[in-house]
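Trainee: Handing you this structure, nothing more for now.
The values are calculated or read from the model by the stated rules, or taken from the named source; none is laboratory data. Just so we're clear, the structure is a prediction, and the values are computed from it rather than from any experiment. Glycine gets a Cβ as well: all are built from the backbone with ideal geometry, and neighbour counts include every protein chain shown.
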Amino acid sequence: MSLLEIDDIHTYYGESHILEGVSLEVEDGEVVALIGRNGVGKTTTLRSVLQLTAPRSGSITYRGEELVGKRTHEVADLGVGWIPEERRVFSQLSVTENIRVAVPKGGDVDAALELAFDTFPALAERSEANAGALSGGQQQMLAIARGLVGENDLLLIDEPSEGLAPQIVSDVAEAVQNAAREATVLLVEQNLPLAMDLADRFYLLDNGQVVEDGEATSGVTDDERIRRYLSA
Amino acid sequence: MSAIVPTLLAELATLPLVSYIDTLGQFLRPSTLVGVFVRGLSKSAIYVMIASGLTLVFGLMGVLNFAHGSLTMIGAYLGGLVMVLAVTGASGTVSRFAFFLVAVLVVFGALSALGGVIEVGLIRPLYDRPPIYQILLTFGVTLVLDELVRIVTLFYGLQPISEWQAALGTKPEPLTATIRLGSTTVSGLALFEILFGVVTVAAVWAFLTRTRYGLVVRAGSEDSEMTEALGIDVRRVFTTVFALGTGIAGIAGALLMWDPVWGASVPLAAETLLPAFVVVIVGGLGTFRGTVVAALIVGMIDAVTTWWFVNAVEFTGLPEMFIFLILVVTLIVRPQGLFGVAEVGGH
């Protein structure tokens, strides 16, 4: 049994049919990349897992438990963390408060803060600053730290390098690798070399369907067929 | 045209400018300033109490609760009922204050429960609809509640008098007296209102900044979807905050039952809703800090203009116009309010 199994899900925004039968599996301990052009349904796949945009049909199981029909906080309680695109840190809360709010009820807040600040020392230096005052890279680290302290076994990470300066991207890649040591990762990433560098396997989405999958190797970035999908 | 100009000039010449300068001198006397300042603070205290619940609910849920004033009005009647039943002619000052605390607890409990029922039963099914549905619903709720209270009060003969005199009569003696502050005197009730407002603000502030639930509320106010994805049942938080907001509205009403300017009366619903809207819009929709600052500004301007229009112009309706003038200027100059963000999102 895979940690996460998505089976033939169909997800809509209003009347727009976004996911047209996506199926994929993520094994415990893996980093799986979901790649594809803008608008092919990568983010919608993550939102479907979290039931933020619930599929109209199909099945999503996590450790064998059906997620479709659950509420988002119930999915999160099972150990599924979300690190969304554009970070979505709580800008009016301090760094410490952003981490505290992500600790499950009854969890050890001090241990969570220690984990977050040990993993990302740059955050420790700005622990009392409002998250809105952090740089883009620091906000991304905070978003990942929030996922880490949530005691999650599966992290859904959406476009972690989006909008960041090239010199910051390597820091964020390191942060994702840190996260991958703590949890299984389903990673949405448009930066193909970065995705292949971080992932064990990949799925290529196009028009709401999985069109390719395989081992994540540097050779994938040179694959003409895949490059065509990404540039079409 | 040629006839109008000399007439205007003649009228301007007759304006009592000297009288206004005299009035300015009178206004600037320390005793007057202290008196106006205390009255401003007491108005601010009332405004912050009636607006706190409204801003908490809007900040978290994006719901502009038009029934808020009606809940304040019900709080005034319910608080008054507890006081009228408990207070006898033999009740002393201490016992009257003690009864008032009991009334506050009863009102808070009852109004919170009512708020919880309204949120779960009426508003929750409409969260996925455009905001106009919630506005229309809460407007409908206010009409129903006002009529219900009108029917009950008419049945028991509590209306049509504008204030419920029996409730007013339960005030402890220090609140009916005036207290000397230096060279001026202020009403005991004004000082009590200030104290009560400060306690309310401190309690809400402590809740928001010192408790995990408050942290969740602040996070949910900024981005409820992200908060839910962190494993927090945001719907339950919605219910709690709506109940808390209506409870605070009720407490404000319990305080207003003793104020002869307000009193327990059906029109109290509209009379408190409008300034509450002004305060939350001026402060920035959904920001508690903004609500506190806006309440101070609006209260002070209200007190100053009231003094001027009573002592210089003798047109008592104008101070209320000034409150709405503040609203108009804010909407033109800074539509998001003093502490609001340009766009409220996350809902």
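Trainee: Could you list, in sequence order, all residues of region A:141-183 that are within 12 Å of the chain's Cα centre (by Cα), in a helix (DSSP H, G or I) and either among the β-branched types (Val, Ile, Thr) or closer than 22 Å to A:Arg37 by Cα (or both)?
Mentor: Answer for region A:141-183, where residues must be within 12 Å of the chain's Cα centre (by Cα), in a helix (DSSP H, G or I) and either among the β-branched types (Val, Ile, Thr) or closer than 22 Å to A:Arg37 by Cα (or both): A:Ile144, A:Val176.
Trainee: For region B:170-207, give me each residue that is under 22 Å from the mean Cα position of the chain (by Cα) and among the small types (Gly, Ala, Ser). Full working, then the answer.
Mentor: As a first pass, look at region B:170-207 and keep what is under 22 Å from the mean Cα position of the chain (by Cα): B:170-171, B:175-176, B:186-207.
Within region B:170-207, B:Ser187, B:Gly188, B:Ala190, B:Gly197, B:Ala202, B:Ala203, B:Ala206 qualify.
Trainee: With the requirement that a residue be in contact (Cβ under 8 Å) with a residue 24 or more places away in the chain and more than 25 Å from the chain's Cα centre (by Cα), what does region B:208-231 give you?
Mentor: Passing the criteria: B:Asp223, B:Ser224, B:Glu225, B:Met226.
Trainee: Test B:Gly286 against the stated conditions and say whether it is within 14 Å of chain A (Cβ to nearest Cβ) and either part of a loop (DSSP other than H, G, I, E, B) or surrounded by 23 or more Cβ atoms within 10 Å (Cβ to Cβ) (or both).
Mentor: Taking the combined requirement at face value, the residue satisfies it.
Trainee: Which is crowded, with 24+ Cβ neighbours inside 10 Å and farther than 19 Å from A:Ile157 by Cα, of A:Val80, A:Val95?
Mentor: On the way: A:Val80 fails: farther than 19 Å from A:Ile157 by Cα.
Going through A:Val80, A:Val95 in turn, the sole match is A:Val95.
Trainee: How about region A:42-124: which helices (runs of 4 or more DSSP H) wholly inside it have at least 3 residues that are under 27 Å from A:Ser135 (Cβ atoms) and more than 9 Å from chain B (Cβ to nearest Cβ)? Outline the logic, then answer.
Mentor: On the way: elements: A:42-49, A:72-77, A:95-102, A:109-119.
Per the criteria, A:42-49, A:95-102, A:109-119.
Trainee: Does A:Arg47 satisfy the criteria of being free of Cβ contacts under 8 Å to residues at least 60 places away in the same chain, at positive phi and either surrounded by 19 or more Cβ atoms within 10 Å (Cβ to Cβ) or of a type in the set (A, V, I, L, M, F, W, C) (or both)?
Mentor: no
Trainee: What's the number of the only condition in (1) surrounded by fewer than 23 Cβ atoms within 10 Å (Cβ to Cβ); (2) outside any helix (DSSP H, G or I); (3) not aromatic (Phe, Trp, Tyr) that B:Gly231 fails to meet?
Mentor: Condition (1) is where B:Gly231 drops out.
Trainee: Is there a residue in region B:208-217 that is surrounded by 24 or more Cβ atoms within 10 Å (Cβ to Cβ) and assigned to a loop (DSSP other than H, G, I, E, B)?
Mentor: no
This table checks each residue for (1) at pLDDT 95 or above; (2) under 19 Å from A:Val176 (Cα atoms); (3) buried (at least 17 other Cβ atoms within 10 Å of the Cβ).
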{"site": "A:Gly14", "(1), (2), (3)": "no, no, no"}
{"site": "A:Arg37", "(1), (2), (3)": "no, no, no"}
{"site": "A:Leu52", "(1), (2), (3)": "yes, no, yes"}
{"site": "A:Arg56", "(1), (2), (3)": "yes, no, no"}
{"site": "A:Lys70", "(1), (2), (3)": "yes, no, yes"}
{"site": "A:Arg87", "(1), (2), (3)": "no, yes, yes"}
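Trainee: Condition first: of a type in the set (Gly, Ala, Ser), within 30 Å of B:Val144 (Cα to Cα) and assigned to a helix (DSSP H, G or I). Now tell me which residues in region B:60-99 satisfy that. Outline the logic, then answer.
Mentor: Taking region B:60-99 first, the residues of a type in the set (Gly, Ala, Ser) are B:62, B:67, B:69-70, B:75-76, B:79-80, B:86, B:89-92, B:95, B:98.
The next check asks that each one be within 30 Å of B:Val144 (Cα to Cα); those that pass are B:62, B:67, B:69-70, B:75-76, B:79-80, B:86.
Of everything in region B:60-99, those that are of a type in the set (Gly, Ala, Ser), within 30 Å of B:Val144 (Cα to Cα) and assigned to a helix (DSSP H, G or I) turn out to be B:Gly69, B:Ser70, B:Gly75, B:Ala76, B:Gly79, B:Gly80, B:Ala86.
Trainee: Something else: Since B:Phe139 meets every condition but one in (1) under 20 Å from B:Thr72 (Cβ atoms); (2) out of contact with any Phe, Trp or Tyr (no Cβ under 9 Å at 6 or more places or on another chain); (3) loosely packed, with under 15 Cβ neighbours inside 10 Å; (4) modelled with pLDDT of 90 or more, which condition does it not meet?
Mentor: Evaluating B:Phe139 over (1) under 20 Å from B:Thr72 (Cβ atoms); (2) out of contact with any Phe, Trp or Tyr (no Cβ under 9 Å at 6 or more places or on another chain); (3) loosely packed, with under 15 Cβ neighbours inside 10 Å; (4) modelled with pLDDT of 90 or more leaves (2) as the failure.
Trainee: Something else: Output the residues belonging to region B:84-108 that are surrounded by 13 or more Cβ atoms within 10 Å (Cβ to Cβ) and not aliphatic (A, V, I, L, M).
Mentor: Answer for region B:84-108, where residues must be surrounded by 13 or more Cβ atoms within 10 Å (Cβ to Cβ) and not aliphatic (A, V, I, L, M): B:Ser91, B:Ser95, B:Arg96, B:Phe97, B:Phe99, B:Phe100, B:Phe108.
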